[in-house]
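To start, the structure itself, in structure tokens.
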Amino acid sequence: MLEFLQDLWRFLKVRKKFWMLPIIIVLVLLGALVVASQQSALAGFIYTLF
């Protein structure tokens with residue numbers, strides 16, 4: 001995983017595609033939200049956000 005993140009950072013740095021960083025962060029956060037919503041204790045709180 002660490003090697004993947006290093007490769008991704010090098011790609012963004014060399015190709016000067018820093019605009020992709022916020023998109024990647026939002027996608028990771030949405031993925032984490034989906035995983036967290038599968039747990040019954042957090043599901044009620046997440047539904048109130050939307």
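Every number here is computed from the coordinates shown, using simple stated rules; none is lab data. Source: prediction; values computed, not measured. Backbone-built Cβ (ideal geometry, glycine too); neighbour counts: all protein chains shown.
With Cβ to Cβ distances under 15 Å as the rule, what net charge do the other residues near ARG10 carry (K, R +1; D, E -1)?
That works out to +2.
Given points 7 Å out from each Cα along the Cα-Cβ axis, report the VAL28 to PHE11 separation in nanometres with one decimal.
So the label points at VAL28 and PHE11 sit 1.4 nm apart.
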